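Participant: This is the structure I have questions about; it appears just below.
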Amino acid sequence: MVFRRWWRLFVESMWPQGFTWTTDRVESVSVWAVPNGMELTRGAESSIPAILDDAVGSRAPTVLEALLQFEAAHPHDEPHYYLSIVATHDDHRGHGFGESLLEQNLEVVDARHFPAYLESSNPRNLARYERLGFRPREEFTLPDGGPTVTTMWRPAR
């Protein structure tokens with residue numbers, strides 16, 4: 001239940017930007033911040049410590065440190081679309097729903113002539129993102145034995 005609050009923060013913050021998408025039967029969802037848009041509203045940001053305390057208790061400072069690493073790696077020198085969340089329901093994984101949804105999203109990004117950015121903590125997804133035109137940018141490792149995160153950039157087309 002606590003993690004529903006976590007993901008809701010991001011979806012509700014970015015929903016008004018008009019770049020949240022689902023497949024027809026909601027097998028997959030993608031949530032993007034538009035160029036110069038914010039991933040989280042100030043109100044959402046201020047609720048993070050309490051949500052983390054509820055979700056992970058004494059590990060909250062470690063998670064906050066990880067969030068700061070994501071922010072430090074995020075490029076701020078060029079307006080871009082930022083893929084914050086892409087997820088596919090467990091029952092539909094491995095059938096191409098997420099990748100197909102991202103292809104559709106990127107058609108719109110391309111029509112607007114903007115680059116796109118994402119982070120991936122799952123090495124198995126890197127080839128999928130590369131097929132979509134993203135290229136690895138840099139890596140950082142999350143604290144306390146967390147995964148390595150690869151940041152990826154897709155130039156404007």
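The values are calculated or read from the model by the stated rules, or taken from the named source; none is laboratory data. Note that this is a predicted model, so its numbers are computed, not measured. Don't worry about glycine lacking a Cβ; one is built from the backbone with ideal geometry, like all the others, and counts go over all protein chains shown.
Participant: Sort out which residues of segment 25-58 are over 17 Å from residue 84 (Cα atoms), in contact (Cβ under 8 Å) with a residue 40 or more places away in the chain and not aliphatic (A, V, I, L, M), and write them in order of number.
Facilitator: 27, 54
Participant: So for segment 135-142 (the condition being in contact with a helix residue (DSSP H, G or I) (Cβ under 7 Å, 6 or more places away or on another chain), closer than 24 Å to residue 22 by Cβ and either surrounded by 14 or more Cβ atoms within 10 Å (Cβ to Cβ) or acidic (Asp, Glu) (or both)), does at least one residue qualify?
Facilitator: no
Participant: Still on this model: Could you list all residues from segment 100-119 that are more than 15 Å from residue 34 (Cα to Cα) and either among the hydrophobic types (A, V, I, L, M, F, W, C) or at pLDDT below 95 (or both)?
Facilitator: 101
Participant: Which ones in segment 21-34 are surrounded by fewer than 17 Cβ atoms within 10 Å (Cβ to Cβ) and either among the basic types (Lys, Arg) or under 15 Å from the mean Cα position of the chain (by Cα) (or both)?
Facilitator: 21, 22, 25 - these are the residues of segment 21-34 that are surrounded by fewer than 17 Cβ atoms within 10 Å (Cβ to Cβ) and either among the basic types (Lys, Arg) or under 15 Å from the mean Cα position of the chain (by Cα) (or both).
Participant: All but one of (1) within 22 Å of residue 14 (Cβ to Cβ); (2) surrounded by fewer than 16 Cβ atoms within 10 Å (Cβ to Cβ); (3) in contact with a Leu (Cβ under 9 Å, 6 or more places away or on another chain); (4) in contact (Cβ under 8 Å) with a residue 60 or more places away in the chain hold for residue 64, so report the exception by its number.
Facilitator: (4)
Participant: From the set of residues in segment 1-20 that are of a type in the set (D, E, K, R) and without any contact (Cβ under 8 Å) to a residue 40 or more places away in the chain, which is surrounded by the fewest Cβ atoms within 10 Å (Cβ to Cβ)?
Facilitator: Here the answer is 4.
Participant: Considering each residue of segment 80-122, count those that are among the hydrophobic types (A, V, I, L, M, F, W, C), in contact with a Ser or Thr (Cβ under 9 Å, 6 or more places away or on another chain) and assigned to a helix (DSSP H, G or I), and give that number.
Facilitator: Residues flagged as among the hydrophobic types (A, V, I, L, M, F, W, C), in contact with a Ser or Thr (Cβ under 9 Å, 6 or more places away or on another chain) and assigned to a helix (DSSP H, G or I) within segment 80-122 amount to 3.
Participant: I'd like the full set of residues that are within 30 Å of residue 62 (Cα to Cα), surrounded by 16 or more Cβ atoms within 10 Å (Cβ to Cβ) and more than 15 Å from the chain's Cα centre (by Cα), limited to segment 102-127.
Facilitator: None - no residue of segment 102-127 is within 30 Å of residue 62 (Cα to Cα), surrounded by 16 or more Cβ atoms within 10 Å (Cβ to Cβ) and more than 15 Å from the chain's Cα centre (by Cα), so the list stays empty.
Participant: Can you name the residue in segment 79-99 that is among the hydrophobic types (A, V, I, L, M, F, W, C) and under 21 Å from residue 138 (Cα atoms) and is also modelled with the highest pLDDT among such residues?
Facilitator: Of everything passing the filter in segment 79-99, 83 is modelled with the highest pLDDT.
Participant: Right, here's the next one. Exactly one of these conditions fails for residue 93: (1) under 21 Å from residue 114 (Cβ atoms); (2) charged (D, E, K, R); (3) free of Cβ contacts under 8 Å to residues at least 12 places away in the same chain. Give me its number.
Facilitator: Of the numbered conditions (1) under 21 Å from residue 114 (Cβ atoms); (2) charged (D, E, K, R); (3) free of Cβ contacts under 8 Å to residues at least 12 places away in the same chain, the odd one out for residue 93 is (1).
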